[in-house]
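The values are calculated or read from the model by the stated rules, or taken from the named source; none is laboratory data. None of the values given here were measured: they were computed from a predicted structure. Accessible surface is based on the protein model in full, side chains and every heavy atom, while ligands, DNA and RNA are left aside. Shrake-Rupley method; radii C 1.70, N 1.55, O 1.52, S 1.80 Å.
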Amino acid sequence: SWGSTGGAVNVRNPVVVASLEAYNQGILSVFAAGNDGGYDVMNPFSIAPWVISVAAGTKTGQLADFSSRGQDGDYFKHPDITAPGVSIYSARSKTIGITALDPLPNPVDPLWTPYYTMKDGTSMATPHVSGSAALLLSHNSDLSPDQLIDLLTSNAAPMPSYQFHEVGYGIQPQTIHAHR
């Protein structure tokens, strides 16, 4: 869930080389598309055809305004799939100064505030897709990275209000139904 903004894939970059080697070993790398919200500003690490790129959506199935878009008509510059990335609660790193009296207390139980936080971002959407890939592998450990990408993207719910370079093949269908 890291990268930079815009540009082309540098096939000599160590991260790109490592993700290709992982692919060659049967491992799928999942990258956040980026949080710049503009046109053609995707995280370049997410563009490689052997990884899956994740855009951020809302829990109601809309594209998050901050989610980076690809380039219309470019074969590679697009997210592959969209997953929830807005108002996602997750474990918080323990740092000095965070207490149960935090100005943004945990809505379930304020005493959990030092341990959980709410964030927005494509980095919050990426674990949804990684988890889905892990669940698919738990049912069939012989699936290749290409088969995982095909299963994830072919079962995405279309997002007809958006272009392919914005949301890819659509949003994970179970995420829409689970939050309605």
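Note on the chain: along the principal axes its Cα atoms extend 48, 36, 34 Å, ordered by decreasing extent.
Couplings 3J(HN,Hα) for region 141-158, derived from phi with the Karplus relation 6.51 cos²θ - 1.76 cosθ + 1.60 (θ = phi - 60°), are 6, 8, 5, 7, x, 5, 5, 4, 4, 4, 5, 5, 6, 6, 9, 6, 7, x Hz, where x marks Gly and Pro. For region 123-138, the Karplus equation 6.51 cos²θ - 1.76 cosθ + 1.60, evaluated at θ = phi - 60°, returns couplings of 5, 7, 7, 4, x, 4, 6, 4, x, 5, 4, 5, 5, 4, 5, 5 Hz by residue, with Gly and Pro reported as x. DSSP beta bridges fully contained in the chain are about 40 percent antiparallel. Solvent-accessible area of Ser144, all protein chains in place: 40 Å² (probe radius 1.4 Å, heavy atoms, ligands and nucleic acids excluded). By a 1.4 Å probe calculation restricted to protein chains, Tyr169 has an accessible surface near 120 Å², given to the nearest 10.
Its DSSP H runs of at least 4 residues, each contributing -39,500 (n - 2.57), put the calculated 222 nm mean residue ellipticity of the chain at -8000 deg cm²/dmol, to the nearest 500. At what distance in angstrom do the alpha carbon centres of region 1-80 and region 122-174 lie from each other? Here the answer is 13 Å between Cα centres.
Residues Asp40, Asp72 ordered from highest to lowest accessible area at a 1.4 Å probe: Asp72, Asp40. Between amide H atoms placed 1.01 Å from N, distances below 5 Å from Ile171 occur with Thr82, Ala157, Met159, all of them 5 or more places distant or on a separate chain. Computed with every protein chain present, the accessible area of His128 is close to 60 Å² [probe 1.4 Å].
Database remark: amide H of Tyr116 closer than 5 angstrom to the amide H of Arg92 (H placed geometrically; neighbours at sequence offset of 5 or more, or on other chains; Pro and chain starts carry no H).
Rolling a 1.4 Å probe over the protein heavy atoms of region 1-54, with every protein chain left in place, gives an accessible area that is 56 percent carbon and sulfur.
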